[in-house]
Amino acid sequence: MSESGQPSEAGGGGWIVLGVLNEILLKLATQPDLPSLWQEACASARWIVPSQRLCVVLGDEDGGARIAARYHAGAFEHGAPAGSVVVDAWMVAALTAQRAAWFKGPWDEPRQVDLARAWLLADDPDVVFHVPIQVYRRTIGSMLFALEDQRQIDRKALASATTYALYVGATYTMLKNQLDLAAASEQLRAQNDELERVQRELRLQLDRVRAQHEAMLEMSTPIIQVWDSVLTLPVIGTVDSVRAARMMEEVLAAIVAHGARFMIVDLTGAQAADAPTIEHLLRLFAATKLLGSRCVVCGVPTAMVGTLLEIGGSLDGIPVFGTLKSALQHVMGAVGRPPR
C-alpha cells in the first residue's frame, strides 16, 4: 500500500497570481451544466498544480466513490474509464481526509484492480496529490493530481489548490442545486399540465353527464296534449326532489302555455311509493289547482295507497281513476267532446 503524508514546504512552483485565479473562478461560475463545469475545472486546475494526470472523485450515498471527470494532456473525459466498476480503496480513503495529502509511489500493487487507478498511474508518477473538495466543512469529493516530483507541492501550491478546490465545491453545489431545482420545477410543471388535462377531461365528462341528465329529465317529464285544454303527464319510475322540481316547472309552464283546463297525472308506471315521492306529487296536484286547472289522477299503485294513508295525505276533490282510459273518458265528457 502506498504511503501518505502532508505537503512539505519545499518546492518551487504551483503558485498562481491572484488576478489569474480570479479570472479562472469567474469562468467556472458561468458554466451551464455539470459536464461543462468539470471540464473547465480540470482544465483550469493544471494552472494551479501542473500534473501529468488529474481526476475528480466524488463520494456517493453508499460511502463509496465515483470518477466524475479526468484530464490528461489537454484531453478531457467525463466519468470513469470504460469498464471501471469500483474506484480503488485508496481513492475512497482520500474522501475521508479533511485536508490535502499525498499518496506516494512506487506503485507495486496490481493495477488491474481498478481501471480508474490504472489510468491515473499510467505515467508512473512520483506522488498522487489529493486536495479535498469541501462544502460547509464536509468533504464531498477530491481532486487527485498525478505529479512527477513531490517537490512540486510547496506551501504556495497547497494554498492555491486548497482555495481552488473549495471554490469548485461551492460552484458544483450551487450549480447542482440549480439544476435539481430546474428539473423539479419542470417535473412540477409537467404534473400541473397533466392535472389540468385531467381536470379538463373531467369537466367535459361532467358536462356530458349533466347534458344526459337534462335530457333524461326532459324525457322523464313527457307532457302530452291529448285535446284542446287537456294535458297528460305519465309518471314513470321514481320521483326524487330534482325530478319533482323539474316536473313542477314543466307542468305549470305547460298549463299556462296551453290554457289547460285538465291535467291528467298517470301514475301507472310510478315505481316508488315512499313518503317523499307522495309529498312531491301532492304538491304538484295543489299547484295545478292554484293555476285554475283541474287535476285528474289515474293508475295509483297499490303500495302508494298505504303510504298515502300513513302520512295523512288526501286526494279530496281530485278525481281518481284506475286506468288512463277511464280518466280520458271522464275528462272528454267534461269538455263535451268524445274521446279520440
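The values are calculated or read from the model by the stated rules, or taken from the named source; none is laboratory data. Predicted, not measured: the structure shown is a model, and the values here were computed from it. Note that we place each Cβ from the backbone using ideal geometry, even for glycine, and neighbour counts take in every protein chain shown. Heavy atoms of the whole protein, side chains included, go into the accessibility calculation; ligands, DNA and RNA do not. Shrake-Rupley method; radii C 1.70, N 1.55, O 1.52, S 1.80 Å.
Numerical summary
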read-out	value
Among the residues listed as Ile133, Ile153, the single one being among the β-branched types (Val, Ile, Thr), open to solvent by less than 20 Å² (accessible area, probe 1.4 Å) and farther than 20 Å from Lys27 by Cα	Ile153
Criterion violated by Ser293 - all others in (1) within 29 Å of Arg210 (Cβ to Cβ); (2) open to solvent by less than 10 Å² (accessible area, probe 1.4 Å); (3) among the hydroxyl-bearing types (Ser, Thr, Tyr) satisfied	(1)
Residues being in a strand (DSSP E or B) and either farther than 12 Å from Leu267 by Cβ or out of contact with any helix residue (DSSP H, G or I) (no Cβ under 7 Å at 6 or more places or on another chain) (or both) - total across region 222-238	9
Matching entry among Asp124, Asp114 (being farther than 21 Å from Lys27 by Cβ, of a type in the set (Asp, Glu) and open to solvent by less than 60 Å² (accessible area, probe 1.4 Å))	Asp114
One residue from Gly313, Gly306, Gly333 being open to solvent by less than 60 Å² (accessible area, probe 1.4 Å), free of Cβ contacts under 8 Å to residues at least 60 places away in the same chain and assigned to a loop (DSSP other than H, G, I, E, B)	Gly313
Flag if Val300 is of a type in the set (A, V, I, L, M, F, W, C) and outside any loop (DSSP other than H, G, I, E, B)	no
Residues of region 252-265 classified as touching a residue at least 60 places away in the same chain (Cβ under 8 Å) and open to solvent by less than 20 Å² (accessible area, probe 1.4 Å), total	2
Failed item in (1) open to solvent by 70 Å² or more (accessible area, probe 1.4 Å); (2) under 20 Å from Val226 (Cβ atoms), with Glu249 passing the rest	(2)
Test: residue in region 3-15 that is open to solvent by less than 40 Å² (accessible area, probe 1.4 Å), in contact with a strand residue (DSSP E or B) (Cβ under 8 Å, 6 or more places away or on another chain), closer than 26 Å to Ala183 by Cβ and modelled with pLDDT under 80	no
Exclusive hit being on the phi < 0 side of the Ramachandran plot, in contact with an Asp or Glu (Cβ under 7 Å, 6 or more places away or on another chain) and open to solvent by less than 90 Å² (accessible area, probe 1.4 Å), set Leu158, Leu166, Leu147	Leu147
Selection count, region 130-165, where residues are closer than 20 Å to Ala65 by Cβ and not hydroxyl-bearing (Ser, Thr, Tyr)	16
Residue satisfying all of: in region 266-290; in contact with a Gly (Cβ under 9 Å, 6 or more places away or on another chain) and outside any helix (DSSP H, G or I); most open to solvent (accessible area, probe 1.4 Å) among these	Gln271
Test for Pro50: is it of a type outside the set (Val, Ile, Thr) and in a loop (DSSP other than H, G, I, E, B)	yes
Leading residue by the ranking (modelled with the lowest pLDDT) among those in region 74-125 that are charged (D, E, K, R) and touching a strand residue (DSSP E or B) at 6+ places or on another chain (Cβ under 6 Å)	Lys104
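Condition check ((1) out of contact with any helix residue (DSSP H, G or I) (no Cβ under 8 Å at 6 or more places or on another chain); (2) in contact (Cβ under 8 Å) with a residue 12 or more places away in the chain; (3) more than 30 Å from Glu250 (Cα to Cα)) across all residues:
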| residue | (1), (2), (3) |
| --- | --- |
| Ala146 | no, yes, yes |
| Gln152 | yes, yes, yes |
| Ala170 | yes, yes, yes |
| Gln178 | yes, no, yes |
| Ser185 | yes, no, yes |
